[in-house]
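**Q** Starting off with a structure, shown below.
The values are calculated or read from the model by the stated rules, or taken from the named source; none is laboratory data. Just so we're clear, the structure is a prediction, and the values are computed from it rather than from any experiment. Heads up, the Cβs are rebuilt from the backbone with ideal geometry, glycines too, and the neighbour counts pull from every protein chain shown. Side chains included, ligands, DNA and RNA excluded: accessible areas come from the protein's heavy atoms. Shrake-Rupley method; radii C 1.70, N 1.55, O 1.52, S 1.80 Å.
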Amino acid sequence: QVQLVESGGGLVQAGGSLRLSCTASGKIFDINDMGWYRQAPGKQRELAASITVGGITDYADSVKGRFAVSRDNTQNTVFLQMNSLKPEDTAVYYCHAQLRTMTSDWYRHYWGQGTEVTVSS
(Lines give C-alpha, C1' and ligand atoms only; values in the text may rest on other atoms or scores of the structure.)
Protein backbone atom coordinates (compact mmCIF):
# COMPACT_ATOMS: atom_id res chain seq x y z
CA GLN A 1 0.00 0.00 0.00
CA VAL A 2 2.88 2.36 0.75
CA GLN A 3 6.15 2.66 -1.13
CA LEU A 4 9.25 4.71 -0.43
CA VAL A 5 11.31 5.05 -3.60
CA GLU A 6 14.84 6.45 -3.42
CA SER A 7 17.06 7.85 -6.13
CA GLY A 8 20.35 9.67 -6.46
CA GLY A 9 22.97 7.23 -5.21
CA GLY A 10 26.12 6.41 -7.11
CA LEU A 11 29.89 6.60 -7.23
CA VAL A 12 31.67 9.82 -6.41
CA GLN A 13 35.22 10.86 -5.57
CA ALA A 14 36.15 12.07 -2.12
CA GLY A 15 35.24 15.72 -1.72
CA GLY A 16 32.36 15.42 -4.14
CA SER A 17 28.61 15.80 -3.66
CA LEU A 18 25.49 13.74 -4.15
CA ARG A 19 21.81 14.47 -3.61
CA LEU A 20 19.42 11.71 -2.57
CA SER A 21 15.67 11.90 -2.99
CA CYS A 22 12.90 9.72 -1.60
CA THR A 23 9.19 9.94 -2.33
CA ALA A 24 6.50 8.18 -0.36
CA SER A 25 3.43 7.09 -2.30
CA GLY A 26 0.28 5.09 -1.72
CA LYS A 27 -2.70 5.43 0.58
CA ILE A 28 -1.02 7.83 2.98
CA PHE A 29 -3.03 9.74 5.55
CA ASP A 30 -0.22 11.59 7.28
CA ILE A 31 3.58 11.58 7.54
CA ASN A 32 5.45 12.43 10.71
CA ASP A 33 9.25 12.16 10.74
CA MET A 34 11.25 11.40 7.59
CA GLY A 35 14.93 10.81 7.17
CA TRP A 36 17.89 8.77 6.07
CA TYR A 37 19.69 5.88 7.68
CA ARG A 38 22.81 4.24 6.36
CA GLN A 39 24.49 0.88 6.68
CA ALA A 40 28.14 0.40 5.82
CA PRO A 41 29.51 -3.08 5.07
CA GLY A 42 29.86 -5.07 8.28
CA LYS A 43 28.24 -2.39 10.40
CA GLN A 44 24.84 -1.74 11.92
CA ARG A 45 22.34 0.60 10.35
CA GLU A 46 22.63 4.10 11.82
CA LEU A 47 20.81 7.38 11.56
CA ALA A 48 22.39 9.84 9.16
CA ALA A 49 19.80 12.61 9.27
CA SER A 50 16.15 13.12 10.10
CA ILE A 51 13.59 15.90 9.83
CA THR A 52 10.24 16.42 11.50
CA VAL A 53 7.13 17.60 9.70
CA GLY A 54 7.84 21.02 11.17
CA GLY A 55 11.38 21.09 9.83
CA ILE A 56 13.41 20.29 12.94
CA THR A 57 16.52 18.37 11.91
CA ASP A 58 18.86 15.92 13.58
CA TYR A 59 22.20 14.66 12.30
CA ALA A 60 24.78 12.07 13.17
CA ASP A 61 27.89 13.77 14.51
CA SER A 62 29.92 12.33 11.64
CA VAL A 63 27.88 14.19 8.99
CA LYS A 64 27.18 17.51 10.73
CA GLY A 65 28.25 20.44 8.61
CA ARG A 66 28.45 18.31 5.47
CA PHE A 67 24.96 16.84 5.00
CA ALA A 68 21.66 18.72 4.84
CA VAL A 69 18.25 17.07 5.08
CA SER A 70 15.11 18.77 3.78
CA ARG A 71 11.58 17.80 2.78
CA ASP A 72 8.70 18.85 0.59
CA ASN A 73 5.54 18.00 2.50
CA THR A 74 3.35 18.70 -0.53
CA GLN A 75 5.17 15.96 -2.46
CA ASN A 76 5.83 13.54 0.44
CA THR A 77 9.50 13.79 -0.46
CA VAL A 78 12.65 13.96 1.62
CA PHE A 79 16.08 14.97 0.32
CA LEU A 80 19.63 14.51 1.53
CA GLN A 81 22.28 16.84 0.16
CA MET A 82 25.68 15.31 0.84
CA ASN A 83 28.74 17.50 0.41
CA SER A 84 32.45 16.99 1.11
CA LEU A 85 31.92 13.26 0.91
CA LYS A 86 34.48 10.96 2.51
CA PRO A 87 35.27 7.29 1.85
CA GLU A 88 33.76 6.49 5.26
CA ASP A 89 30.39 7.75 3.97
CA THR A 90 30.27 4.71 1.72
CA ALA A 91 27.11 2.79 2.61
CA VAL A 92 23.65 1.81 1.53
CA TYR A 93 21.36 4.71 2.35
CA TYR A 94 17.80 3.90 3.37
CA CYS A 95 14.91 6.32 3.33
CA HIS A 96 12.67 6.21 6.40
CA ALA A 97 9.25 7.60 7.12
CA GLN A 98 6.98 7.35 10.12
CA LEU A 99 3.52 7.54 8.65
CA ARG A 100 -0.12 6.63 9.00
CA THR A 101 -2.05 5.05 6.16
CA MET A 102 -5.68 5.61 5.24
CA THR A 103 -6.60 2.27 6.77
CA SER A 104 -4.75 2.52 10.06
CA ASP A 105 -5.08 4.48 13.28
CA TRP A 106 -1.39 4.04 14.03
CA TYR A 107 1.87 5.51 12.80
CA ARG A 108 4.33 2.89 11.60
CA HIS A 109 7.89 2.90 10.30
CA TYR A 110 8.40 2.41 6.58
CA TRP A 111 11.65 1.92 4.70
CA GLY A 112 12.87 2.32 1.16
CA GLN A 113 14.79 -0.38 -0.67
CA GLY A 114 18.11 1.42 -0.23
CA THR A 115 20.43 3.22 -2.60
CA GLU A 116 24.18 2.68 -2.72
CA VAL A 117 26.62 5.50 -2.20
CA THR A 118 30.28 4.77 -2.88
CA VAL A 119 32.96 7.35 -2.21
CA SER A 120 36.37 6.62 -3.68
CA SER A 121 39.57 7.99 -2.21
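**Q** Does SER70 satisfy being assigned to a strand (DSSP E or B), free of Cβ contacts under 8 Å to residues at least 40 places away in the same chain, of a type in the set (Ser, Thr, Tyr) and open to solvent by 30 Å² or more (accessible area, probe 1.4 Å)? Can you show your working first?
**A** Working: assigned to a strand (DSSP E or B): yes; free of Cβ contacts under 8 Å to residues at least 40 places away in the same chain: yes; of a type in the set (Ser, Thr, Tyr): yes; open to solvent by 30 Å² or more (accessible area, probe 1.4 Å): yes.
The answer is yes for SER70.
**Q** Answer yes or no as to whether LEU4 is touching a residue at least 24 places away in the same chain (Cβ under 8 Å), more than 16 Å from VAL119 (Cα to Cα) and not in a loop (DSSP other than H, G, I, E, B). Give the derivation first.
**A** Working: touching a residue at least 24 places away in the same chain (Cβ under 8 Å): yes; more than 16 Å from VAL119 (Cα to Cα): yes; not in a loop (DSSP other than H, G, I, E, B): yes.
Yes.
**Q** Being of a type in the set (S, T, N, Q) and either in contact with a Leu (Cβ under 6 Å, 6 or more places away or on another chain) or part of a strand (DSSP E or B) (or both) is the filter; apply it to the range 7-22 and report the residue that is farthest from ILE51 (Cα to Cα). I'd like the intermediate steps shown before the answer.
**A** Kept after step one, since they are of a type in the set (S, T, N, Q), are these residues of the range 7-22: 7, 13, 17, 21.
Those still in the list that are either in contact with a Leu (Cβ under 6 Å, 6 or more places away or on another chain) or part of a strand (DSSP E or B) (or both) too: 7, 13, 21.
Values: SER7: 18, GLN13: 27, SER21: 14 Å.
That would be GLN13.
**Q** Tell me, which residue of the range 75-116 that is part of a strand (DSSP E or B) and basic (Lys, Arg) is farthest from the chain's Cα centre (by Cα)?
**A** As a first pass, look at the range 75-116 and keep what is part of a strand (DSSP E or B): 77-82, 91-101, 108-111, 115-116.
Retained after the next criterion (residues that are basic (Lys, Arg)): 100, 108.
Working: ARG100: 18, ARG108: 16 Å.
Filtering the range 75-116 for residues that are part of a strand (DSSP E or B) and basic (Lys, Arg), the one farthest from the chain's Cα centre (by Cα) comes out as ARG100.
**Q** For residues in the range 25-61 being in a strand (DSSP E or B) and among the polar types (S, T, N, Q), which is nearest to GLY114 (Cα to Cα)?
**A** The first filter runs over the range 25-61 and keeps only residues in a strand (DSSP E or B), leaving 25-26, 28-39, 46-51, 57-59.
Next, from what is left, pick out any that are among the polar types (S, T, N, Q): 25, 32, 39, 50, 57.
Numbers: SER25: 16, ASN32: 20, GLN39: 9, SER50: 16, THR57: 21 Å.
Of everything passing the filter in the range 25-61, GLN39 is nearest to GLY114 (Cα to Cα).
**Q** A further question on this structure: Give the residue that is most open to solvent (accessible area, probe 1.4 Å), with candidates limited to residues of the range 88-109 that are touching a residue at least 40 places away in the same chain (Cβ under 8 Å) and more than 19 Å from TYR59 (Cβ to Cβ).
**A** So, considering only residues that are touching a residue at least 40 places away in the same chain (Cβ under 8 Å) and more than 19 Å from TYR59 (Cβ to Cβ), the one most open to solvent (accessible area, probe 1.4 Å) is MET102.
**Q** Sticking with this one: Limited to the range 31-63, what total is found for residues that are open to solvent by less than 60 Å² (accessible area, probe 1.4 Å) and of a type in the set (D, E, K, R)?
**A** Qualifying residue count, the range 31-63: 2.
Results for (1) charged (D, E, K, R); (2) farther than 15 Å from PRO87 by Cα, shown as yes or no for each residue.
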{"position": "SER17", "(1), (2)": "no, no"}
{"position": "MET34", "(1), (2)": "no, yes"}
{"position": "PRO41", "(1), (2)": "no, no"}
{"position": "GLU46", "(1), (2)": "yes, yes"}
{"position": "SER50", "(1), (2)": "no, yes"}
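**Q** GLY15: in contact (Cβ under 8 Å) with a residue 60 or more places away in the chain and surrounded by 12 or more Cβ atoms within 10 Å (Cβ to Cβ), yes or no? Let's see the steps before the verdict.
**A** Values: in contact (Cβ under 8 Å) with a residue 60 or more places away in the chain: yes; surrounded by 12 or more Cβ atoms within 10 Å (Cβ to Cβ): no.
No; evaluated as a whole, the condition is false for this residue.
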